[in-house]
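Contents: one structure, followed by commentary.
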Amino acid sequence: MANGRPEAGPRCIAIVGPFQSGKTSLLEAILERTGTIERAGRAANGNMVGDASAEARAHAMSVEPNLATVKFLDETFTFIDCPGSVEFAHDMRMALPVCDAAVVVCEADDRKIPALELVLRELEEADIPRFLFINKIDTATRRIRETLVALQKASRTPLLLRQIPIWKDGIAVGFIDLALERAFIYREHAPSEVVELPDGELPREKEARFSMLERLADHDDSLMEDLISEIEPPKDRVFEDLARELRERQVVPVLIGSAERGNGVTRLLKALRHEAPRLPETLARLGVASDGPPLAQVVKSLHTAHGGKLSIARVLRGRFKEGDGVIGSRGSETRIAGLLSLLGSQTSRIPEAKEGETVGFARLDTVATGECFAAGRTRPSAIVSIAPPEPVYAFALKVKDRKDDVRLTSALQKIVEEDPALVIEQRPELGEMRLLGQGEMHLRVAVERLQSRFQVGVETAKPKVGYCETIRQPAAARGRHKKQTGGHGQFGDVALEVRPLPRGEGVIFEDKITGGVVPRQYIPSVEAGMRDYIKRGPLGFPVVDIAVTLTDGSYHSVDSSDAAFQMAAKIAMAEALPKGKPVLLEPILAVEITIPSEAMSKASGLVTARRGQILGYDSRPGWEGWDVLNAMIPEAEIGDLIVELRSATAGVGTFSTRFDHMAELTGRPAELVMASQKAAPAH
Ligand SMILES: Nc1nc2c(ncn2[C@@H]2O[C@H](COP(=O)(O)OP(=O)(O)OP(=O)(O)O)[C@@H](O)[C@H]2O)c(=O)[nH]1
Ligand SMILES: [Mg+2]
């Protein structure tokens, strides 16, 4: 602080909000208004500074954060425009903690309110001061008061309307700023023009301003007294309250505009400039001391096609230079190979990274997203710990060309480091490698990146289900393996009994040989032969939950061998198991589905349509209007549950699963599984 005024360090502002609400367009408008670019591009033309990656262009949506640093008047802001799709929400979650404030871009559209609620929740939980920007005002038709009542459902903090539209023939042509008490007429791609308050607007303005002041007065007793005594409060005081109540997260100020037409952008920037908190407040929120070695927090790691790894980080303390040695919060030491300022996909080298700046650090190869790092050799403690969300969708992956196998492994490692919400899972028993994540688009984009950034082509398939089989009744059989070829023969002879065990018991081998009819040294051979056989039982699947007892046998002093007894055991198993009434077992998952309450019957329908069993439901703790539904669903039926659940809940429903038990599968579904297994090669 100098002269009681906060120092003008660079700020970092997150742009967040529901899918397709106009966040990247707003960033574009900000770039235009601040003179960073000459003319704003448009989403429809695919020429915005944000969303410049091939994947973002191909899908016409943001699939990673876009960063841009701008100067507005004499101050620096870095904006982090986060993707709106819930499938990429983890990127937003990682970026939020170091931001001084967030601009939540939303629409006056009731269908998007649940998605808005999810975003606001994240901000409420991370305790980030936030503005709401009601975008697309050019297409709005509903009265702003009604819109506000609808949007309030999504926010636990009171919304504070600061602007009202000026309507002409049902179109918003400008706005009145209630704090300034000034009217503005929109101009396309230019700052709005200040005009006299139009005739007839005064009563509306007074009423809306009074509502705003009343809300502010909830946290300012002397303002309340002024209002009660009908004294006009001084303007400065109103602005002070607006800033303080935003910072203390007592209200969410609401501004309006149109990102695509560049309307409402200057006032938004001015509000950020005057009211958004600065680094010292953010450090206090994060519990980071303002003195100590230089410190930065990584919000995202990217792997550029040519430049190697780039860690995007905000400098929370001190400054960093190229060549500085740093140590990450997990203890790894490395060196800064270069520093870059970011404007979408364009980068420019900078000599140093100063306190408050959010920039790219080149080649911090051992520092992961979510870690912080400090200059020197004293390991800093972690600032944030955000666990990645549980995966809800999976692909099985296979390289198109076998020679890419090794490159796939290293490319996947990098992709997962870029995006910790992706998970790689090896399932050797199914001969499968899986990529798991937050939805089909999330995984598709990852696969596209494998190709575009790492030149590794992969094929995707539906993941296999880990079926097993067991028996339903005890059975017994004898296996004799005898061969007389020339001099040395082979001889092994065993009698085995098999019996079913309860679910989850696995496979037990018991030896009940007496009198040495099978010599000691061959008993492990019998077990090994049995275990080898049950890798693929009579139905074609691994056999589980059986006890196998060796009851009898015979041997030959010359011809018996380890291999011969293994063979004999396999012969006995091959005969015994089919007599034990084999049955297929399928994995059943315990599933917890989270949904807005009104979607409960649709969600229950999805469970029953998937051979699922509903165990019960309850209200979601701390989430008014939301429920949790518990069910058991066969793994084979989970597949696209997330897709249907999202379509039943305007995108906000989700679930988590854990393996619960194996259950018998009979009838037609079992026949289908067995038929497809017969067609597949043995694993
Ligand atoms: N009418 C109108 N349309 C807009 C406005 N701003 C954005 N759009 C449109 O909204 C759509 C989404 O725009 P984006 O800027 O990509 O939205 P986004 O929020 O960044 O989208 P995601 O990052 O994918 O969630 C595009 O079709 C834009 O043309 C606006 O002010 N008015
Ligand atoms: Mg976007």
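Residues are listed down the side, and each one gets a yes or a no for (1) away from ligand 1 (no atom under 15 Å from the Cβ); (2) assigned by TED's automatic domain parsing to the domain that holds Arg244; (3) open to solvent by 10 Å² or more (accessible area, probe 1.4 Å); (4) closer than 24 Å to Ala650 by Cα:
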position	(1), (2), (3), (4)
Ala44	no, yes, yes, yes
Gly50	no, yes, no, no
Ala60	no, yes, yes, yes
Asn66	no, yes, yes, no
Asp74	yes, yes, yes, no
Asp81	no, yes, no, yes
Ala89	no, yes, yes, yes
Leu116	no, yes, no, yes
Glu125	yes, yes, yes, yes
Of all residues in the stretch 262-293, which are part of a helix (DSSP H, G or I) and of a type in the set (S, T, N, Q)?
Thr266, Thr282
Counting only residues in the stretch 127-141 that are within 15 Å of ligand 1 (Cβ to nearest atom) and buried (at least 24 other Cβ atoms within 10 Å of the Cβ), the one farthest from the chain's Cα centre (by Cα) is identified as Ile137
Of Thr608, Thr594, which residue is open to solvent by 40 Å² or more (accessible area, probe 1.4 Å) and either assigned to a loop (DSSP other than H, G, I, E, B) or modelled with pLDDT of 95 or more (or both)?
Thr608
Could you give every pair whose Cβ atoms fall below 7 Å, whose first residue belongs to the stretch 216-230 and is free of Cβ contacts under 8 Å to residues at least 60 places away in the same chain, and whose second residue is in a helix (DSSP H, G or I) and of a type in the set (Lys, Arg), counting only separations of at least 6 or pairs across chains?
Leu223/Arg237
May I ask you to verify whether Ser21 is of a type in the set (S, T, N, Q), open to solvent by 10 Å² or more (accessible area, probe 1.4 Å), touching a residue at least 24 places away in the same chain (Cβ under 8 Å) and within 10 Å of ligand 2 (Cβ to nearest atom)?
no
Identify all residues within the stretch 43-61 that are away from ligand 2 (no atom under 12 Å from the Cβ) and part of a loop (DSSP other than H, G, I, E, B); write none if there are none.
Gly46, Asn47
Would a scan of the stretch 9-23 turn up a residue that is modelled with pLDDT of 95 or more, among the hydroxyl-bearing types (Ser, Thr, Tyr) and within 7 Å of ligand 1 (Cβ to nearest atom)?
yes
Within the stretch 73-103, can you find the residues that are away from ligand 2 (no atom under 13 Å from the Cβ) and either free of Cβ contacts under 8 Å to residues at least 40 places away in the same chain or part of a strand (DSSP E or B) (or both)?
Glu75, Thr76, Phe77, Thr78, Ala101, Ala102
Output the residue which, of all residues in the stretch 119-160 that are within 16 Å of ligand 2 (Cβ to nearest atom) and not polar (S, T, N, Q), is farthest from Leu279 (Cα to Cα).
Lys136
Before we move on, is Val517 in contact with a Gly (Cβ under 8 Å, 6 or more places away or on another chain) and outside any loop (DSSP other than H, G, I, E, B)?
no
When residues of the stretch 372-411 are limited to those that are under 30 Å from Thr657 (Cα atoms) and among the polar types (S, T, N, Q), the one most open to solvent (accessible area, probe 1.4 Å):
Ser385
Does Ser258 meet the test of being of a type in the set (S, T, N, Q) and modelled with pLDDT of 95 or more?
yes
Give the stretch 639-678 a look and list any residue that's open to solvent by less than 70 Å² (accessible area, probe 1.4 Å) and among the basic types (Lys, Arg), or say none.
Arg646
Hey, Ile534 of a type in the set (A, V, I, L, M, F, W, C) and touching a Pro at 6+ places or on another chain (Cβ under 9 Å) or not
yes
Taking only the stretch 24-42 into account, find how many residues are open to solvent by less than 40 Å² (accessible area, probe 1.4 Å) and in a loop (DSSP other than H, G, I, E, B).
4
Quick check on the stretch 510-528. Is at least one of its residues surrounded by 14 or more Cβ atoms within 10 Å (Cβ to Cβ), more than 30 Å from Glu637 (Cβ to Cβ) and among the small types (Gly, Ala, Ser)?
yes
Taking the stretch 282-314 only, how many residues are in contact with a Ser or Thr (Cβ under 9 Å, 6 or more places away or on another chain), under 29 Å from Gln413 (Cα atoms) and open to solvent by 50 Å² or more (accessible area, probe 1.4 Å)?
2
Pick from Ala599, Ala564, Ala576, Ala572: which is part of a helix (DSSP H, G or I) and within 30 Å of Glu644 (Cα to Cα)?
Ala599
Tally, over the stretch 380-427, of residues that are in a loop (DSSP other than H, G, I, E, B) and either closer than 30 Å to Pro293 by Cβ or touching a residue at least 60 places away in the same chain (Cβ under 8 Å) (or both):
15
Residues that are on the phi < 0 side of the Ramachandran plot, crowded, with 23+ Cβ neighbours inside 10 Å and among the small types (Gly, Ala, Ser), drawn from the stretch 329-371:
Ala353, Gly360
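A quick yes/no check of all residues on (1) out of contact with any strand residue (DSSP E or B) (no Cβ under 6 Å at 6 or more places or on another chain); (2) crowded, with 18+ Cβ neighbours inside 10 Å; (3) farther than 25 Å from Asp660 by Cα:
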| site | (1), (2), (3) |
| --- | --- |
| Ala495 | no, yes, yes |
| Pro500 | no, yes, no |
| Ala547 | no, no, no |
| Gly553 | no, yes, yes |
| Asp562 | yes, no, yes |
| Ile571 | no, yes, yes |
| Ala574 | yes, no, yes |
| Ile588 | no, yes, no |
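The values are calculated or read from the model by the stated rules, or taken from the named source; none is laboratory data. On a predicted model such as this, the values are computed, not experimentally measured, just so you know. Don't worry about glycine lacking a Cβ; one is built from the backbone with ideal geometry, like all the others, and counts go over all protein chains shown. To get the accessible areas, we keep the full protein, side chains included, count just its heavy atoms, and leave off ligands, DNA and RNA. Shrake-Rupley method; radii C 1.70, N 1.55, O 1.52, S 1.80 Å.
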